[in-house]
1. Considering only residues that are buried (at least 19 other Cβ atoms within 10 Å of the Cβ) and in contact with a helix residue (DSSP H, G or I) (Cβ under 8 Å, 6 or more places away or on another chain), which ones fall in the range A:26-47?
2. Keeping to the range A:147-172, report how many residues are within 16 Å of ligand 2 (Cβ to nearest atom) and buried (at least 21 other Cβ atoms within 10 Å of the Cβ).
3. Specify which of the listed residues (B:231, B:277, B:242) is out of contact with any Lys or Arg (no Cβ under 6 Å at 6 or more places or on another chain), under 30 Å from residue A:50 (Cβ atoms), more than 14 Å from chain A (Cβ to nearest Cβ) and open to solvent by 50 Å² or more (accessible area, probe 1.4 Å).
4. Of the conditions (1) loosely packed, with under 13 Cβ neighbours inside 10 Å; (2) within 25 Å of the chain's Cα centre (by Cα); (3) of a type in the set (D, E, K, R), residue B:132 clears all except one; give me its number.
5. Residue under question is residue A:22, and the condition is that it be assigned by TED's automatic domain parsing to the domain that holds residue A:179, more than 14 Å from ligand 1 (Cβ to nearest atom) and buried (at least 21 other Cβ atoms within 10 Å of the Cβ); does it hold?
6. Which residue is nearest to ligand 1 (Cβ to nearest atom), if the candidates are limited to the range A:55-80 and must be open to solvent by 40 Å² or more (accessible area, probe 1.4 Å) and within 14 Å of another protein chain (Cβ to nearest Cβ)?
7. Considering the range B:64-80 alone, what residues qualify as being closer than 17 Å to residue B:303 by Cα and of a type outside the set (S, T, N, Q)?
8. So how many residues does the range A:15-27 have that are among the hydrophobic types (A, V, I, L, M, F, W, C) and more than 14 Å from ligand 2 (Cβ to nearest atom)?
Amino acid sequence: MSTLELINLQKRYQNGYEAVPGLDLEVRDGEFLVLVGPSGCGKSTVLRMVAGLEDISGGDMLIDGVRVNDMGPQQRDIAMVFQSYALYPNMTVGENIGFAMKLRKTDKAVMATKVAEVAALLELDKVLDRKPGQLSGGQRQRVAMGRAIVREPKLFLMDEPLSNLDAKLRVQTRAEISRLQRRLNITTMYVTHDQVEAMTMGDRVAVLRRGYLMQCATPQELYHTPDNLFVGQFIGSPSMNVVRAEVVEGTGGLPALTVGSQTIQLDDAALAQLPGVRGMIGRSVAFGMRPEVLGDEGTSSIDVDVELVEMLGAELLVHATIDAPSVKQTDEGVEIGESNTSMIVASMDARIRVNAASRMSLTLDTSRIHLFDLVTGDAIGKAKVDVG
Amino acid sequence: MIEIFKTFVTVALGLGAFLAVMVGLYWLASQLPEPWRDRARVMVFVGPALVLLVGGLILPSLYTGRLSLFTGPNANKWYGFGNFRELFTDSDNLIVLRNTVWWVILVTLASTVIGITIARLADRMRGEPYAKALIFLPTAISMVGAGVIWNFVYATKGNDPDKQYGLLTWLWLKAEPILPGKQDPHYWLQDREFFGFHSSFLPGLNTLFMIVVIVWIQAGFATVVISAAMKGVPDDLVEAAKIDGATDRQSFFRIVLPYVKGTIITVATTTLIAVLKVFDIVQTMGKGGQFATSTLANDMYQRSFPLSQPGYGAALAVILFVAVVPIVYVNAKNQRNIREGR
Ligand SMILES: Nc1ncnc2c1ncn2[C@@H]1O[C@H](COP(=O)(O)OP(=O)(O)OP(=O)(O)O)[C@@H](O)[C@H]1O
Ligand SMILES: [Mg+2]
């Protein structure tokens with residue numbers, strides 16, 4: 001039963017590098033919050049500050065409303081699972097799990113019961129007497145989990161705990177961790193660079209970019225109403241297609257989008273989703289379409305040249321070119337592609353037949369498109385949802 | 001000039017001849033039919049080492065073992081285990097054994113503990129590389145050199161307090177106001193008593209002062225090796241321990257030390273073997289083991305050569321050999337453990 005609040009939290013490393021310029025974030029009681037972002041965006045830095053392993057350069061950190069900036073990791077009552085697991089090689093599995101209790105001089109019998117309980121929960125009972133060196137990768141991961149949950153800490157921190165597992169085990173363990181967290185109801189902060197992990201596990205997901213919080217919301221909100229181009233492109237796989245478009249005045253005075261040589265008329269349904277676009281006539285914008293919005297139902301359409309068709313069983317990935325430059329938001333800012341054509345991907349029903357090297361018209365549901373500012377990358381006319 | 005030139009030519013010729021023989025043998029081995037070819041090739045390379053091992057180590061060892069059973073200046077009188085009996089019964093000989101035991105215990109313990117302590121304290125200190133370089137410096141000095149240097153530290157000159165140049169004596173005299181009693185110039189390296197206390201089990205003060213010198217040399221080695229091992233302890237192990245609630249002290253004793261245990265054992269056994277052979281310091285500082293400072297290795301030399309008792313000298317060598325065997329065993333086992341990742 002705990003909360004974590006980060007108020008204008010800052011981290012400047014000794015070499016002067018400002019890894020976290022100022023972060024406001026709240027993890028609610030019992031919540032599973034995922035910190036996600038590309039490599040080097042400061043996820044581990046934030047987590048290590050929460051753990052007390054890294055000094056806080058500025059701002060406040062509150063656990064249960066108590067400022068913990070100046071407390072060492074020993075006093076914060078948190079548990080952490082490391083990417084490397086950091087199991088003590090000289091101790092058996094049982095000793096690893098019981099180490100924290102041993103340091104607290106817990107009664108031997110109590111300790112043995114607790115270790116046994118956790119071992120049973122994680123199916124480690126058969127390997128309690130082994131050293132970490134004699135375990136499989138998955139077992140090591142579970143020992144690391146066991147070491148963390150046995151203490152019933154206020155906060156549970158995990159830094160990419162699945163990245164050393166193979167793909168299949170990762171999916172399985174992902175679900176196990178989620179279930180365990182729900183069952184124990186421990187406030188959790190989880191770091192990953194994998195957006196699938198973030199979306200599947202998080203109650204809420206915080207997307208970081210160069211130490212800045214880009215958006216913190218539920219997975220659905222992040223996916224359907226990204227605050228900015230960065231979040232839009234980071235979340236989702238295959239990622240959102242984004243090309244440059246011009247907002248022009250179309251039929252009946254309603255705005256339309258010019259994409260390369262084509263014009264896409266926006267109807268009332270679309271404008272209800274994108275109210276801000278009305279004031280943008282004459283300006284260039286970044287126009288985003290998720291792959292599944294292309295070639296599905298819709299009133300509008302867009303013509304493309306199909307280059308490659310990938311059959312994935314349930315869906316069909318159509319890679320095609322369109323005559324407009326691509327746009328993406330990187331660490332440096334919004335970048336517009338140099339070439340006047342770009343690749344887009346449509347994810348379609350596998351029963352549709354598509355020929356490679358043909359020109360085709362993809363239907364487009366304009367009420368599900370996204371528009372972003374070409375300079376700031378901010379979503380245009382997004383009907384503001386209170387993220388709070 | 002000519003001499004130097006001659007030497008060079010001789011060495012070059014020798015090396016050339018050796019190479020020629022090796023290449024020739026290898027070529028010959030390569031001519032053999034298949035099942036023999038590989039074995040013969042291996043023998044070409046292993047053979048010379050094997051010859052050296054047998055001729056230089058095994059045969060002399062066996063010869064020494066035989067020698068230890070004889071007595072007389074030419075070791076031609078059968079004596080059975082008489083030398084060993086003397087070794088373990090004669091009171092002077094027992095002092096040699098006693099000294100060696102104290103050398104081994106004190107030097108190994110002190111240099112390992114000092115090594116661990118300094119490695120821990122210096123870790124992440126500001127001038128760590130310089131501190132470690134300073135600590136390591138004595139390791140580069142020969143034992144004889146160290147003995148000579150420390151002879152000056154312990155030197156005493158007559159009874160006149162104003163004529164002393166030895167550092168220890170000077171400090172001793174300067175400490176007059178602090179210490180109880182009256183301080184007179186003292187011949188440190190001739191003091192065979194344990195702080196004025198006569199015992200047949202405790203080492204003499206002079207032996208302790210010599211032990212300080214070896215610790216001075218060995219601690220540098222221990223520090224550098226253990227410090228390197230401590231740097232290899234993964235950071236996240238220590239961090240995980242902290243999060244589990246361990247204080248710095250607890251994480252040092254429960255995580256870091258166990259992690260470098262193998263290295264510590266290696267350092268300790270290496271030091272142990274080095275100390276068992278201690279000879280140079282006793283020669284230079286104890287004038288060849290006088291004033292009850294002799295050790296096994298020193299006595300082995302004194303008996304075998306100046307005193308013409310080769311049989312007894314050989315017996316001492318056998319004892320040294322027997323003492324080394326368990327250490328080598330522990331070390332080998334430790335190496336295996338390290339290799340297998342504990
Ligand atoms: N000790 C340090 N001194 C200086 N800069 C550092 C230090 N540690 C990390 N950084 C920098 O801070 C930034 C954030 O690092 P951090 O480890 O938090 O990234 P991350 O988001 O966890 O990345 P990854 O997904 O690769 O683990 C990086 O640019 C990194 O280079
Ligand atoms: Mg990281």
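The values are calculated or read from the model by the stated rules, or taken from the named source; none is laboratory data. Just so it is clear, the model here is predicted, and its values are computed rather than measured. Cβ: placed from backbone, ideal geometry, glycine included. Neighbour counts: every protein chain shown. What goes into the accessible areas is simple: the full protein's heavy atoms, side chains included, and nothing from ligands, DNA or RNA. Shrake-Rupley method; radii C 1.70, N 1.55, O 1.52, S 1.80 Å.
1. Selection gives A:32, A:34, A:35, A:36, A:37.
2. 5
3. Answer to the check: B:231.
4. So residue B:132 meets the others, but not (1).
5. The answer is no for residue A:22.
6. For the range A:55-80, the residue satisfying everything is A:55.
7. B:65, B:66, B:67, B:69, B:70, B:72, B:73, B:75, B:77, B:79
8. Adding up the residues that qualify gives 3.
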